[in-house]
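The values are calculated or read from the model by the stated rules, or taken from the named source; none is laboratory data. This is a predicted model, so every value here is computed, not measured. Backbone-built Cβ (ideal geometry, glycine too); neighbour counts: all protein chains shown. For accessibility, only protein heavy atoms count, side chains too; no ligands or nucleic acids. Shrake-Rupley method; radii C 1.70, N 1.55, O 1.52, S 1.80 Å.
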Protein chains: 2
Amino acid sequence: MKLGDGVEQAIHSVAMLSGLSADGVLSAAALAEFHGVSTSYLLKHLQALSGAGILQTVPGPRGGYRLARGADEITLLDVVLAVEGREPAFRCKEIRQRGPNPLPQRYMTRPCQINAAMLRAERAYRAELAKTTIAAVLGELAEQDMDGAVVARGCAFLEQHERKSS
Amino acid sequence: MKLGDGVEQAIHSVAMLSGLSADGVLSAAALAEFHGVSTSYLLKHLQALSGAGILQTVPGPRGGYRLARGADEITLLDVVLAVEGREPAFRCKEIRQRGPNPLPQRYMTRPCQINAAMLRAERAYRAELAKTTIAAVLGELAEQDMDGAVVARGCAFLEQHERKSS
């Protein structure tokens with residue numbers, strides 16, 4: 001089981017965008033540069049985040065991305081589902097119904113116990129991700145950022161690259 | 001995030017093998033036939049289960065697979081980790097350290113808050129999978145198998161295909 005690299009890039013991007021001023025946006029190229037990743041690859045994930053209503057896309061030459069809602073209203077689960085899709089990790093192929101002696105159709109009214117157990121675990125995973133907002137992650141970061149260097153790093157970059165959309 | 005099809009096949013195979021008599025084994029070909037899957041693909045997963053100490057491999061022309069320990073001592077987590085590997089789904093690439101202004105090395109003493117949050121969710125997922133044994137899954141199945149047809153289906157196949165290794 002593996003999450004794509006896009007999840008890490010998307011979470012870091014959302015965290016970065018939360019530092020913008022009210023009318024500011026950041027281009028995909030700037031986000032990609034800051035994180036040292038491919039712009040075209042990141043763009044795909046930024047579009048997924050827009051599609052999921054996590055980011056707003058401001059079009060035009062001074063356009064870019066900004067959060068569509070507060071960082072305290074965006075959970076890690078929101079970002080993971082936007083980037084990876086909403087399907088569960090375990091995708092039951094109903095192999096009970098295959099082979100020389102498939103299970104009769106009347107047993108198919110409820111999910112296989114194996115599928116049910118796997119989905120229970122997935123619910124626990126998602127519930128945990130849903131507990132953590134981007135704002136909470138940034139709060140933890142600030143707590144550990146004793147001399148302010150981590151926050152200063154992001155702020156310096158934003159100051160240089162933020163675009164004012166209005 | 002997606003688990004490979006091998007997980008479903010491996011769990012069903014382990015469940016099937018739990019129905020063998022004490023000195024019985026089942027060939028990979030028989031397990032593949034019952035589940036209507038490719039023998040070569042299933043073999044890869046059976047070998048992973050053997051490698052993880054979940055199955056025993058009995059060599060020779062009358063050989064095959066059997067459980068290495070009781071179905072009440074094999075959890076879904078054991079099977080998932082055997083087939084999918086032990087690495088977490090979220091694999092932090094430390095993109096904090098990339099780009100034009102990487103985070104200084106002294107901040108690398110503890111994991112990024114994002115990584116820590118993602119790993120918390122993974123622990124919840126694994127804890128849930130670790131709660132469910134193959135025996136428990138089979139117990140739930142038996143409870144719902146009112147007319148015994150599901151169990152009978154497996155038993156009939158085992159009767160025909162079980163090999164006595166001694």
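Return the average number of partner chain Cβ atoms within 10 angstrom of each residue Cβ along peptide A:91-104.
Mean shielding by partner chains, rounded to a whole number: 5.
What does the charge dipole of chain B about its Cα centre add up to, to the nearest 20 debye, if the Cβ of each Lys and Arg holds +1 and the Cβ of each Asp and Glu holds -1?
Using Cβ point charges on Lys, Arg, Asp and Glu, chain B gives about 1200 debye.
Using a simple charge model, +1 on the beta-carbon of Lys and Arg, -1 on the beta-carbon of Asp and Glu, nothing else, what dipole does segment B:5-74 show about its Cα centre, in debye to the nearest 20?
Numbers: 4 positive and 6 negative charges, 45 e Å.
Around 220 debye, computed over segment B:5-74.
Of the residues A:Val37, A:Val79, A:Val25, which exhibits the maximal mean-square fluctuation in a Gaussian network model of chain A defined by a 10 Å Cα contact cut-off?
A:Val37
Leaving out ligands, DNA and RNA, what percent of the accessible area of segment A:68-166 is carbon and sulfur, probe 1.4 Å? Don't skip to the answer; put the middle values down first.
Numbers: 2600 of 5060 Å².
That fraction is 51 percent.
Provide the per residue accessible area, probe 1.4 Å, for the protein assembly as shown, rounded to a whole number of square angstrom. Walk me through the numbers before you get to the answer.
Values: 14980 Å² over 332 residues.
Here the residues of the protein assembly as shown average 45 Å² of exposed surface.
Counting only residues 5 or more places away or on other chains, whose amide H sits under 5 Å from the amide H of B:Arg91 once H atoms are built in the peptide plane?
Placed amide hydrogens put A:Leu3 under 5 Å from B:Arg91.
Can you give the Kirkwood hydrodynamic radius for the protein assembly as shown, in Å, rounded to one decimal and based on Cα pairs?
Numbers: mean 1/r = 0.0447 Å⁻¹.
Taking the inverse mean of 1/r over all distinct Cα pairs, the protein assembly as shown comes out at 22.4 Å.
Arranged from highest to lowest average of other beta-carbon atoms within 10 Å per residue, in what order do the peptides A:43-56, A:5-18 appear?
Working: A:43-56: 19.0, A:5-18: 23.6.
Final packing ranking: A:5-18, A:43-56.
Please give the charge dipole size of the protein assembly as shown, origin at the Cα centre, charges +1 on K and R Cβ atoms and -1 on D and E Cβ atoms. Round to the nearest 20 debye.
Working: 38 positive and 36 negative charges, 103 e Å.
Dipole of the protein assembly as shown, to the nearest 20 debye: 500 debye.
Just want the answer: with Cβ charges of +1 for Lys and Arg and -1 for Asp and Glu, which residue in B:Ala68, A:Ala116, A:His35 is farthest toward the dipole's positive end in the protein assembly as shown?
Going by the charge dipole, the pick is A:His35.
Quick one: buried accessible area between A and B, total over both chains, 1.4 angstrom probe, nearest 100 Å²? Each step should come with its number before you reach the end.
Values: alone 10320 and 10340 Å², together 14980 Å².
The summed interface area works out to 5700 Å².
What residue among B:Val79, B:His12, B:Gln56 has its Cα farthest toward the positive end of the dipole of segment B:1-105, where the charges are +1 on Lys, Arg and -1 on Asp, Glu, each on the Cβ?
In segment B:1-105, that residue is B:Val79.
What are the ³J(HN,Hα) couplings of segment B:5-20, residue after residue, when phi is run through the Karplus curve with 6.51, -1.76, 1.60 and θ = phi - 60°? Round to Hz, x for glycine and proline.
Rounded to whole hertz, the list is 4, x, 5, 4, 5, 5, 5, 4, 5, 4, 4, 5, 5, 5, x, 5.
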